[in-house]
Amino acid sequence: MSALFLCYFAFVGTAMPYLSLYLSARGLSIEAIALLVSLPQMMRIGGPLLWGWLADHSGRSATILKASALAALVGVVAMGLAGDSFVATFAALVWLFFATTAQMPIGESMALASARGDAGTYGRIRAWGSIGFIGAVTGVGVLLDRFGAASLPVWMGLATCALIAATFAVRSRPVVPFVAAQASLRRRLRDPAIVCFLVASFMMIFAHGAFYGFFSLFLERAGYTKTAIGVVWAVGVIAEIALFRWQRPLFVRFDAMTLLSASLLAATLRFGLLGGWGAGWVVVVVTQLLHALTFGLHHSATMALLHRWFEPAQQARAQAVYTTVGYGFGGVTGGLVAGWVWSAVSPETAFLVAAAAALAGWVAIVVARRMPAPGKRMET
């Protein structure tokens with residue numbers, strides 16, 4: 001599982017920070033780039049639910065991971081062959097990012113099962129994903145300075161090959177008959193506290209739309225080289241790794257909802273600083289250190305709540321619902337709104353809108369904490 005996280009996030013670290021630079025080098029407009037960089041989130045609308053349903057009902061999670069990784073390689077090759085054609089690039093990225101939507105809902109459910117819900121054990125597994133990301137984001141930044149942004153499909157292809165190898169190393173578990181949960185997934189999703197949690201998830205990932213889609217362009221236009229951009233991204237991931245590695249005391253002392261609330265306040269501060277003070281190096285370093293809270297703490301607290309609230313037969317689908325609502329609808333909307341605000345007003349305003357969204361998510365968690373806690377999942 002650690003190898004899977006390492007290689008998947010090496011792929012993410014290769015693609016996500018530099019895709020906007022690649023598309024810009026191809027001569028596409030900022031509006032076209034906003035749409036294309038939103039495709040990973042668009043594919044998370046429906047894609048994870050399909051993959052999660054297949055995993056929960058077939059019991060063949062490892063097989064699905066292998067097939068989706070092989071399909072992703074086809075998408076990377078198609079992207080490289082698309083040239084400066086918007087339509088061909090759009091089609092290639094749809095295929096690529098639909099295929100990769102299988103990896104994390106299934107991978108997270110398998111990792112949580114392996115860790116038996118323990119935050120410390122899960123954090124050590126998940127930290128390997130951050131290590132993969134930091135290695136890729138720093139190394140690819142240097143390579144793009146050397147070979148140009150147009151070489152990105154080559155490095156994405158190599159990262160995808162590593163992911164394929166990792167999926168074939170994941171240990172398959174015996175196929176067991178599907179056992180229905182005692183409470184239906186639809187019934188659990190109607191719980192008012194879970195509804196507020198999903199609203200907060202939507203707002204948090206909406207807030208990150210400006211960051212994931214345009215932070216590299218934000219830095220490039222402030223005069224940062226691609227190597228420097230890679231280092232800046234690495235600072236955030238180093239902070240994230242530290243959080244994952246030593247998060248257990250936090251989860252012993254505080255409940256997951258409290259930690260989730262703290263992560264949303266940290267996001268409000270982070271994006272407010274970028275919007276109010278720009279891309280000066282002090283602000284950039286401080287806001288990247290806050291990534292430990294806005295991603296690392298938020299992610300671990302979210303995983304802990306999903307593991308607690310949903311039964312074993314619902315885990316892959318629960319992950320898929322979270323991914324669809326947050327990274328799907330929230331990511332798409334956040335990326336498109338950020339692109340529009342960037343063009344219509346200013347890049348700084350896009351980050352101020354992100355800060356307001358994170359604050360709205362914090363309000364949703366405050367409301368959720370005043371409601372009865374959802375029933376704990378049935379242990380097996």
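The values are calculated or read from the model by the stated rules, or taken from the named source; none is laboratory data. Computed from a predicted structure; not experimentally measured. Don't worry about glycine lacking a Cβ; one is built from the backbone with ideal geometry, like all the others, and counts go over all protein chains shown.
Does Thr63 satisfy being within 21 Å of Tyr212 (Cβ to Cβ), touching a residue at least 24 places away in the same chain (Cβ under 8 Å) and of a type in the set (S, T, N, Q)? Working first, answer last.
Numbers: within 21 Å of Tyr212 (Cβ to Cβ): no; touching a residue at least 24 places away in the same chain (Cβ under 8 Å): yes; of a type in the set (S, T, N, Q): yes.
It is false that Thr63 is within 21 Å of Tyr212 (Cβ to Cβ), touching a residue at least 24 places away in the same chain (Cβ under 8 Å) and of a type in the set (S, T, N, Q).
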Total residues in the stretch 261-270, condition in contact with a Gly (Cβ under 9 Å, 6 or more places away or on another chain) and not polar (S, T, N, Q): 2
Could you please let me know if Phe218 is modelled with pLDDT of 90 or more and within 21 Å of Arg369 (Cβ to Cβ)? no
Scan the stretch 201-222 and tell me whether some residue there is out of contact with any helix residue (DSSP H, G or I) (no Cβ under 6 Å at 6 or more places or on another chain), of a type in the set (Gly, Ala, Ser) and either surrounded by fewer than 22 Cβ atoms within 10 Å (Cβ to Cβ) or closer than 30 Å to Val367 by Cα (or both). yes
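Based on this model, can you work out whether Ala69 counts as crowded, with 17+ Cβ neighbours inside 10 Å, modelled with pLDDT of 85 or more and either more than 28 Å from Phe329 (Cβ to Cβ) or under 20 Å from the mean Cα position of the chain (by Cα) (or both)? Write out each step before concluding.
Numbers: crowded, with 17+ Cβ neighbours inside 10 Å: yes; modelled with pLDDT of 85 or more: yes; either more than 28 Å from Phe329 (Cβ to Cβ) or under 20 Å from the mean Cα position of the chain (by Cα) (or both): yes.
So Ala69 fits the description; yes.
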Go over the candidates Leu260, Leu293 one by one and state the one that is without any contact (Cβ under 8 Å) to a residue 60 or more places away in the chain, part of a helix (DSSP H, G or I) and in contact with a helix residue (DSSP H, G or I) (Cβ under 9 Å, 6 or more places away or on another chain). Leu293
Hits in the stretch 219-257 (condition: more than 26 Å from Val353 (Cα to Cα), in a loop (DSSP other than H, G, I, E, B) and not acidic (Asp, Glu)): Thr225, Trp246, Gln247, Phe254
Residues in the stretch 223-242 that are of a type outside the set (Gly, Ala, Ser), crowded, with 23+ Cβ neighbours inside 10 Å and over 11 Å from Gln288 (Cα atoms): how many? 1
Does the stretch 288-298 contain at least one residue that is of a type in the set (Ser, Thr, Tyr) and closer than 28 Å to Pro249 by Cα? yes
Among the candidates Ala338, Ala364, Ala357, single out the residue that is out of contact with any Asp or Glu (no Cβ under 9 Å at 6 or more places or on another chain), surrounded by fewer than 24 Cβ atoms within 10 Å (Cβ to Cβ), touching a residue at least 24 places away in the same chain (Cβ under 8 Å) and not acidic (Asp, Glu). Ala364
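Within the stretch 75-87, how many residues are assigned to a helix (DSSP H, G or I) and touching a residue at least 24 places away in the same chain (Cβ under 8 Å)? Break it down into steps so the answer makes sense when it comes.
Taking the stretch 75-87 and keeping what is assigned to a helix (DSSP H, G or I), we get 75-81, 86-87.
Going one step further and asking which of them are touching a residue at least 24 places away in the same chain (Cβ under 8 Å), we end up with 75-77, 79-80, 86.
Within the stretch 75-87, residues that are assigned to a helix (DSSP H, G or I) and touching a residue at least 24 places away in the same chain (Cβ under 8 Å) number 6.
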